Structure formats: C-alpha cells, structure tokens
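Quick one: structure below, then a few questions.
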Amino acid sequence: MDAIADYKKVIELDNDSTFYSAFAKGLSGDITGGYKLMMEIINKSDDKSGEYYNMACLKSLTGKEVDALKYIDLALSNGYKDYNWLKKDDDFLYIKYKHGFKALLKKYNIPNNLKMDNLKFVLENELRIEVEKWEQKG
C-alpha cells in the first residue's frame, strides 16, 4: 500500500475521533479538513497543551511555519512541559533551527542545545515547501 492508502485507512478506522485522523487528512491532501478536525479536537479537549502541540506538528508538517510557531507557543503557555521531545521531534525538523523556534525556547527558558544534524536534508525540504507554495498559487 502507498502512504495515501494508509492515511485513508487511518481515517476510516479512527472515525475522526483523534489527532491521528487530523494528521492523516492533512498529510493525504485534505489540509483544510485536517486543520478543521484538529481545531474540533482542541475545542473538546481538557488538555489543550497536548492538542496545541499536535496542531503545531501538523502545521509544521504541512509547511505552515508561522502557524506552527503560534501553536507551539500556545502549547507551552498552556503547560506543555516535555521540552526534550519538543527539541527532538522530527515534526519540527524544518523549523527548529530557525530564529522563531529558538526565540520560543528562549521565551520559556528552555535550554537550546540543538545541533544542525543534516543541513542538506533541511535545505532540500525548505526548497520543496517553497516550490509547493508556488505550484499552489499557479
């Protein structure tokens, strides 16, 4: 099976009940549907910090850097405390070496010990995201 088929299976099995469906929708092409479902999950959740974190991941994975940083900020301001995971989470691979991410670490007094492990990989994905933006604009 290909990735899209796997995502559709997740959506079918999860029945739009968790962030897994939101990620599956967003990463299979229904970005708006993924964001909408994630907002519904956030609004229903008692643990806003975890769900804001999940929205930050989805925004980052779909190339929305500014929005991802906004949701990381919301997660941290609402009590998200797993700082080590925040810094090593591959969902933030394309933003965690940038000024905005580093500024959030500083704002919340989180030690910044990030190292640029794979610059070529990060740059290739930055380029891919920018090309996709151009293609969407036509």
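Does region 36-52 contain any residue that is over 29 Å from ASN112 (Cα atoms) and touching a Lys or Arg at 6+ places or on another chain (Cβ under 8 Å)?
Within region 36-52, one or more residues are over 29 Å from ASN112 (Cα atoms) and touching a Lys or Arg at 6+ places or on another chain (Cβ under 8 Å).
Looking only at residues in region 12-68 that are open to solvent by less than 20 Å² (accessible area, probe 1.4 Å) and among the polar types (S, T, N, Q), which one is nearest to LYS87 (Cα to Cα)?
Going through the qualifying residues, I end up with SER60.
If you don't mind, there's one more thing I want to ask. For ALA103, which of the numbered conditions (1) modelled with pLDDT under 95; (2) open to solvent by less than 80 Å² (accessible area, probe 1.4 Å) fails to hold?
Result: ALA103 fails condition (1) only.
Something else now. Where in region 20-138 are there helices (runs of 4 or more DSSP H), lying wholly inside it, with at least 2 residues that are within 12 Å of the chain's Cα centre (by Cα)?
Ranges flagged: 31-44, 48-61, 65-77.
Farther than 24 Å from ASP30 by Cα, out of contact with any strand residue (DSSP E or B) (no Cβ under 7 Å at 6 or more places or on another chain), of a type in the set (A, V, I, L, M) and without any contact (Cβ under 8 Å) to a residue 60 or more places away in the chain: is that true of LEU76 in this structure? Don't jump to the end; show me each part of the working.
Values: farther than 24 Å from ASP30 by Cα: yes; out of contact with any strand residue (DSSP E or B) (no Cβ under 7 Å at 6 or more places or on another chain): yes; of a type in the set (A, V, I, L, M): yes; without any contact (Cβ under 8 Å) to a residue 60 or more places away in the chain: yes.
The answer is yes for LEU76.
The values are calculated or read from the model by the stated rules, or taken from the named source; none is laboratory data. Quantities reported herein were computed from a predicted structural model and do not represent experimental measurements. Using ideal geometry, Cβ is built from the backbone for each residue, glycine included, and neighbour counts are taken over all protein chains shown. Heads up: the accessible areas ignore ligands, DNA and RNA and are worked out on the full protein's heavy atoms, side chains in. Shrake-Rupley method; radii C 1.70, N 1.55, O 1.52, S 1.80 Å.
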